[in-house]
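Novice: If you scroll down you'll find the structure; I have some questions about it.
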Amino acid sequence: MKKLILAALLAAAGAAHADTVYTNANGYTLGAKGALQRFATLVVSDDGKVKSTLKAGAKLPAGTQVDMQGATLWPGLIDAHGHVMRLGELKLVVDLRDSASIPEALGRIKAGIPAAGWIMGRGWNQERWYADGKLIGRFPTAAELDAVTGDRPAWFTRVDGHAGWANTAAMNAAGITRASQAPDGGEIIRDAAGNPTGVFVDKAMALITGVIPDDDEKRLDLVLEKSLETMAEVGLTGAHDAGMDKPTWQRYVRFANAGKMTARIYAMAGGPDNRKAIAPGGPIRWGWDDRLAMQSMKLVSDGALGSRGAYLIAPYADMPNTRGLDITPAGKLKTYITEGSADGFQVNVHAIGDSANRSTMDGFAAVPLAERMKLRHRNEHAQIVDMADLGRFASLKVIASMQPTHATSDKGMAEARLGEDRLGGAYAWQKIKKSGAQLAFGSDFPVEPPDPMFGIHAAVTRQSRDGLPAGGWRPWEKVSMVDAFAGFTTWAARAGHAETKVGTLERGKWADFITLERDPFTAPEGDLWKIKVTATWLAGKQVFKRK
């Protein structure tokens with residue numbers, strides 16, 4: 001009798017810890033040396049980790065079988081540069097992305113005015129606004145916004161997050177007058193008479209945002225929930241959160257403790273003060289079942305190209321009276337980099353203009369080589385790099401964390417801002433890769449859409465999603481499909497010190513994976529952006545299924 005009871009207990013224990021065997025899959029992953037590998041079966045152990053992958057025809061192990069019916073199966077994708085809370089926020093405010101004119105933007109604003117409080121939104125881009133068939137060539141004004149918002153304060157952030165558009169009520173609430181001065185690293189756009197027109201660039205944005213009431217915790221929790229839902233829908237099982245504060249980190253920890261963190265967040269503290277507030281004892285390594293880490297810091301060297309805040313070596317071709325904004329001057333930037341590195345943190349610097357990129361690389365050069373190799377410091381964006389500086393990524397062991405869709409969104413604007421002669425090191429993925437440097441790919445969501453298939457399409461084609469230009473923009477900078485795949489998997493994992501945990505479907509790594517409606521490796525390149533994720537799993541548990 002005792003033997004029967006023991007056998008029953010052992011059988012029950014075995015059933016409780018059975019593997020899940022995903023069969024009949026069109027599986028892809030990368031091997032330890034970066035080669036593309038194919039498989040037909042994925043075996044996931046009860047602890048949520050990969051036990052094995054098997055070729056077609058291999059003997060199937062015991063376990064609960066799930067027939068994937070030929071679906072294409074990939075490792076979960078990782079965005080190496082996004083803004084997690086901003087992604088969810090976009091679901092709750094007026095979305096001005098893709099608006100084609102000021103009247104269209106104003107129509108969206110009028111339709112989305114909330115019942116009370118400030119009227120908020122983001123996503124406008126004056127470089128996409130037309131009138132009478134021509135680009136308007138200017139920023140919007142408070143007067144235009146007043147027409148639909150009245151005496152309610154309103155604030156709309158530009159698509160890149162580096163400028164904001166206020167109405168008169170918002171400027172009054174902030175005490176903005178003709179005498180108001182922008183802080184260093186910022187600009188108040190003015191008319192010919194010197195009056196503020198309603199647009200505030202980079203650090204000047206704080207003049208308005210400083211008087212906007214704080215959100216309550218319930219709403220911020222909803223924002224994070226919306227972010228995680230969106231990430232799962234597009235197959236993102238991980239994201240590197242480019243700049244956050246202590247309350248946001250505490251929210252992430254609370255979600256992780258409650259089992260609600262459905263993606264892996266590699267958090268970057270937003271500057272030295274937030275780094276010290278969040279992690280006074282040093283870097284917070286991957287924990288919470290590898291759902292969270294905070295072992296890096298983001299710095300901001302300059303602004304963005306669209307608002308002419310990117311800091312250039314020579315003046316802007318289309319506005320010769322400015323070189324942009326030196327948000328963190330070189331000396332201070334070097335201090336922040338070396339101090340953060342000495343404290344054991346990976347340092348990731350936003351650098352878009354060629355002058356900002358040069359001072360960023362100068363700062364990294366001041367860090368001892370052994371430290372650089374261990375911590376894997378990163379240049380975030382690396383958009384416009386002087387040809388003389390391109391080789392420094394490899395020589396300094398600095399990761400180029402780049403966003404493919406920025407190239408295809410910015411191509412026309414970049415030509416106007418710089419002129420053809422200064423584009424040699426612009427969005428230069430292939431040059432940087434061939435130099436021997438490491439890259440990682442992301443989207444900068446919600447500046448660009450979070451769908452990594454958009455990024456893979458841009459990386460492979462150098463075309464916008466409408467197929468322009470024919471053959472691709474500066475097509476010699478295209479990367480292969482395998483490299484684009486790696487950019488959002490293994491390269492991004494390594495950039496987040498997680499290459500032993502995620503990025504491939506190798507034994508012992510977390511079973512983070514997705515299925516897609518088509519096989520991107522056989523689909524026409526021009527159709528890559530159209531391919532949808534059908535389901536997403538994190539640690540072997542499904543967190544999204546398309547209906």
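The values are calculated or read from the model by the stated rules, or taken from the named source; none is laboratory data. Please read these numbers as outputs of a predicted model, since none were measured by experiment. Quick reminder, even Gly has a Cβ in these numbers, built from the backbone with ideal geometry, and neighbours come from all protein chains shown. Ligands, DNA and RNA are excluded from the accessible area calculation, which covers all protein heavy atoms including side chains. Shrake-Rupley method; radii C 1.70, N 1.55, O 1.52, S 1.80 Å.
Novice: Report whether or not Arg97 is in a loop (DSSP other than H, G, I, E, B), in contact with a Pro (Cβ under 9 Å, 6 or more places away or on another chain) and open to solvent by less than 70 Å² (accessible area, probe 1.4 Å).
Specialist: Taking the combined requirement at face value, the residue satisfies it.
Novice: Can you tell me how many residues within segment 412-445 are touching a Lys or Arg at 6+ places or on another chain (Cβ under 8 Å) and under 26 Å from Gly137 (Cβ atoms)?
Specialist: Total meeting the criteria: 4.
Novice: Here's another thing I want to ask about it. Only residues in segment 258-284 that are closer than 30 Å to Trp537 by Cα count as the first member; pair them with residues that are open to solvent by less than 10 Å² (accessible area, probe 1.4 Å) and among the aromatic types (Phe, Trp, Tyr), Cβ under 6 angstrom, at least 6 apart or cross-chain, and list the lot.
Specialist: From segment 258-284, the pairs are Met261/Phe255; Ile265/Tyr252; Pro283/Phe345.
Novice: Taking the condition of being buried (at least 19 other Cβ atoms within 10 Å of the Cβ) and part of a strand (DSSP E or B), how many residues in segment 55-85 meet it?
Specialist: Qualifying residue count for the region: 10.
Residue-wise test of (1) touching a Pro at 6+ places or on another chain (Cβ under 8 Å); (2) assigned to a strand (DSSP E or B).
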{"position": "Pro140", "(1), (2)": "no, no"}
{"position": "Ala143", "(1), (2)": "no, no"}
{"position": "Ala147", "(1), (2)": "no, no"}
{"position": "Trp155", "(1), (2)": "no, yes"}
{"position": "Trp165", "(1), (2)": "yes, yes"}
{"position": "Arg178", "(1), (2)": "yes, no"}
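Novice: Is one or more of the residues making up segment 494-501 in contact with a strand residue (DSSP E or B) (Cβ under 6 Å, 6 or more places away or on another chain) and among the β-branched types (Val, Ile, Thr)?
Specialist: Checking segment 494-501: not a single residue is in contact with a strand residue (DSSP E or B) (Cβ under 6 Å, 6 or more places away or on another chain) and among the β-branched types (Val, Ile, Thr).
Novice: Just to verify a result, which residue in segment 196-223, among those that are within 22 Å of the chain's Cα centre (by Cα) and farther than 17 Å from Trp155 by Cβ, is most open to solvent (accessible area, probe 1.4 Å)?
Specialist: Once the filter is applied, the top-ranked residue is Leu222.
Novice: If you don't mind, there's one more thing I want to ask. Mind checking which pairs have a first residue in segment 369-396 that is among the small types (Gly, Ala, Ser) and a second that is modelled with pLDDT of 95 or more, Cβ under 6 Å, 6 or more apart or different chains?
Specialist: From segment 369-396, the pairs are Ala382/Ala400; Ala382/Met402; Gly391/Ser435; Ala394/Ser435; Ala394/Gly436; Ala394/Ala437.
Novice: So which residues in segment 453-479 are over 21 Å from the mean Cα position of the chain (by Cα) and in a loop (DSSP other than H, G, I, E, B)?
Specialist: Listed by number, the residues that qualify are Asp466, Gly467, Leu468, Pro469, Ala470, Gly471, Gly472, Trp473, Arg474.
Novice: I would also like to ask the following. Residues of segment 492-504 being open to solvent by less than 40 Å² (accessible area, probe 1.4 Å), closer than 15 Å to Val44 by Cα and not polar (S, T, N, Q), which ones?
Specialist: Val502
Novice: Please state which of the following conditions Gly340 fails to meet, knowing it meets all the rest: (1) part of a helix (DSSP H, G or I); (2) in contact with a strand residue (DSSP E or B) (Cβ under 9 Å, 6 or more places away or on another chain); (3) surrounded by fewer than 24 Cβ atoms within 10 Å (Cβ to Cβ).
Specialist: If we test Gly340 against (1) part of a helix (DSSP H, G or I); (2) in contact with a strand residue (DSSP E or B) (Cβ under 9 Å, 6 or more places away or on another chain); (3) surrounded by fewer than 24 Cβ atoms within 10 Å (Cβ to Cβ), just (3) comes out false.
Novice: Another question, then. Could you please find all residues in segment 153-195 being open to solvent by 40 Å² or more (accessible area, probe 1.4 Å) and touching a helix residue (DSSP H, G or I) at 6+ places or on another chain (Cβ under 6 Å)?
Specialist: Thr168, Pro183, Glu187
Yes or no, residue by residue, for (1) under 30 Å from Thr20 (Cβ atoms); (2) in contact with a helix residue (DSSP H, G or I) (Cβ under 9 Å, 6 or more places away or on another chain); (3) modelled with pLDDT under 95; (4) polar (S, T, N, Q):
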| site | (1), (2), (3), (4) |
| --- | --- |
| Arg462 | no, yes, no, no |
| Ala470 | no, no, no, no |
| Trp473 | no, yes, no, no |
| Lys478 | no, yes, no, no |
| Ala498 | yes, yes, no, no |
| Glu506 | yes, no, no, no |
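Novice: Residues that are open to solvent by 10 Å² or more (accessible area, probe 1.4 Å) and more than 24 Å from Ser227 (Cβ to Cβ): does segment 444-463 have at least one?
Specialist: yes
Novice: Here's a follow-up. Assess whether Gly259 counts as being of a type outside the set (Ser, Thr, Tyr), touching an Asp or Glu at 6+ places or on another chain (Cβ under 8 Å) and open to solvent by 10 Å² or more (accessible area, probe 1.4 Å).
Specialist: no
Novice: Just give me the residues in segment 288-319 being under 17 Å from His240 (Cα atoms), open to solvent by less than 20 Å² (accessible area, probe 1.4 Å) and in contact with a helix residue (DSSP H, G or I) (Cβ under 9 Å, 6 or more places away or on another chain), in sequence order.
Specialist: Leu292, Met294, Gln295, Ser296, Met297, Leu299
Novice: Every residue in segment 180-213 that is assigned to a strand (DSSP E or B) and either in contact (Cβ under 8 Å) with a residue 60 or more places away in the chain or among the hydroxyl-bearing types (Ser, Thr, Tyr) (or both), please.
Specialist: Within segment 180-213, Gly186, Glu187, Thr197, Val199, Val201, Asp202 qualify.
Novice: Take Ser395 and tell me if it is open to solvent by 20 Å² or more (accessible area, probe 1.4 Å) and hydroxyl-bearing (Ser, Thr, Tyr).
Specialist: Yes.
Novice: With the checklist (1) open to solvent by less than 10 Å² (accessible area, probe 1.4 Å); (2) free of Cβ contacts under 8 Å to residues at least 60 places away in the same chain; (3) small (Gly, Ala, Ser) in hand, flag the one item Gly88 doesn't pass.
Specialist: With (1) open to solvent by less than 10 Å² (accessible area, probe 1.4 Å); (2) free of Cβ contacts under 8 Å to residues at least 60 places away in the same chain; (3) small (Gly, Ala, Ser) applied to Gly88, the lone miss is (2).
Novice: Where in segment 250-333 are there strands (runs of 3 or more DSSP E), lying fully within it, with 2 or more residues that are under 15 Å from Val347 (Cβ atoms)?
Specialist: 264-270, 292-300
Novice: Also, I was wondering about something else. Can you confirm whether segment 2-18 contains a residue that is at pLDDT 95 or above, within 29 Å of Gly235 (Cα to Cα) and either aliphatic (A, V, I, L, M) or open to solvent by less than 50 Å² (accessible area, probe 1.4 Å) (or both)?
Specialist: Checked against the condition, which is being at pLDDT 95 or above, within 29 Å of Gly235 (Cα to Cα) and either aliphatic (A, V, I, L, M) or open to solvent by less than 50 Å² (accessible area, probe 1.4 Å) (or both), segment 2-18 yields no hits at all.
Novice: Additional query: Taking the condition open to solvent by 30 Å² or more (accessible area, probe 1.4 Å) and of a type outside the set (Phe, Trp, Tyr), does Glu477 pass?
Specialist: Considered against the rule, which asks whether it is open to solvent by 30 Å² or more (accessible area, probe 1.4 Å) and of a type outside the set (Phe, Trp, Tyr), Glu477 comes out as no.
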